[in-house]
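Below is one structure; the comments refer to it alone.
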Amino acid sequence: MDEVKPVWEKIEALTAQIHGWTPIDQLFALFTITMASAGLEGDVLEVGSWSGRSAVVFGEAVKLLGHSVVHCVDLFPEKSDWRENPDGTYSFAVEIHGQKYQGYQEQTVWRDTFQNQVVKVYETSESLWEIFHRTIEARGMQGVVLAHRGDLESFLAARGTGFRCRVAFLDGDHGYQAVRQDIQSVEKHLVPGGWLCFDDAFTSYPGVDQAIREMILENPGYDLCRQMTRKLFVARRKPDVTGG
Ligand SMILES: C[S@@+](CC[C@H](N)C(=O)[O-])C[C@H]1O[C@@H](n2cnc3c(N)ncnc32)[C@H](O)[C@@H]1O
């Protein structure tokens, strides 16, 4: 019986074959927060999906709840979109519907990470978009996990001002300007009581830390800020609490 199977085991089984960065304890936290926010309006939004490891965990939660969907926003670079920088680190550039986007310019990808993690994912296909969709389809989540190829701004422009999310997981570009931009874009759409989650907060990405310090920690619009392993969770305050 699925109901009595520990969620931890379920997440391990669901993600065992999926290449990615998020370890089980953090996936468990993402699952739990999605379940706990079930009573709020809005969808789940992920910025930075890679091959779908965290996306399927969100997908499992919304499948169980029977309402809302997971939007996965990523530039989905092809293998050939990556280039080596003069200092030996890596970045990428993609063109989507005639629009050029750049990834990992300010906070580039370390050489070891590129060789041990990034290159590996392209072993079965040169297309990350295809790899992501294979992951989702193999788990029967096509109806609940929806991919958008582009950045957060292009996603929000396509959805319109009425878009609402109750959980937003920011795991895209880890540069200072990029994280600031993602926070600024998403906060207009995050419902009161909803959760913002940052990957790699207060670990080894100074740009992520600085953006969080400046825009979140001292901001009266947020509450219940807590670090859980490498992730930081913070709740959007209800306007009546701040008097706003
Ligand atoms: C660390 S990976 C995401 C890992 C994934 N959440 C997991 O659990 O395995 C970061 C992703 O962010 C994407 N990315 C980088 N810059 C981006 C941007 N400006 N907008 C959207 N996605 C971006 C990359 O293509 C990559 O897939």
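Keeping to segment 119-163, report how many residues are more than 13 Å from the ligand (Cβ to nearest atom) and hydroxyl-bearing (Ser, Thr, Tyr).
3
Among the candidates LEU196, LEU232, which residue alone is within 18 Å of the chain's Cα centre (by Cα), within 16 Å of the ligand (Cβ to nearest atom) and either over 26 Å from GLY160 (Cα atoms) or in a helix (DSSP H, G or I) (or both)?
Only one candidate passes the filter, namely LEU232.
Tally the residues that are closer than 20 Å to ARG164 by Cβ and more than 16 Å from the ligand (Cβ to nearest atom), restricting the search to segment 63-76.
Final tally of qualifying residues: 6.
I'm trying to understand the selection: among the residues of segment 201-229, which are among the hydrophobic types (A, V, I, L, M, F, W, C) and part of a helix (DSSP H, G or I)?
VAL208, ALA211, ILE212, MET215, ILE216, LEU217
What are the residues in segment 62-94 that are over 23 Å from GLU106 (Cβ atoms), more than 15 Å from the chain's Cα centre (by Cα) and buried (at least 20 other Cβ atoms within 10 Å of the Cβ), if any?
Selection gives VAL62, SER68.
Scan segment 164-189 for residues that are in contact (Cβ under 8 Å) with a residue 60 or more places away in the chain, more than 14 Å from the chain's Cα centre (by Cα) and either assigned to a strand (DSSP E or B) or within 12 Å of the ligand (Cβ to nearest atom) (or both) and jot them down.
GLY175, GLN177 - these are the residues of segment 164-189 that are in contact (Cβ under 8 Å) with a residue 60 or more places away in the chain, more than 14 Å from the chain's Cα centre (by Cα) and either assigned to a strand (DSSP E or B) or within 12 Å of the ligand (Cβ to nearest atom) (or both).
Which residue out of THR22, THR32 is part of a helix (DSSP H, G or I), of a type in the set (Ser, Thr, Tyr) and out of contact with any His (no Cβ under 7 Å at 6 or more places or on another chain)?
Going through THR22, THR32 in turn, the sole match is THR32.
Under the condition of being part of a helix (DSSP H, G or I) and within 11 Å of the ligand (Cβ to nearest atom), which residue from segment 77-113 is farthest from SER127 (Cα to Cα)?
THR113
Only the coordinates and a few stated rules stand behind these numbers; no lab work does. Quick caveat, the model's predicted, so the values are computed rather than measured. Neighbour counts run over all protein chains shown; Cβ positions are idealised from the backbone, glycine included.
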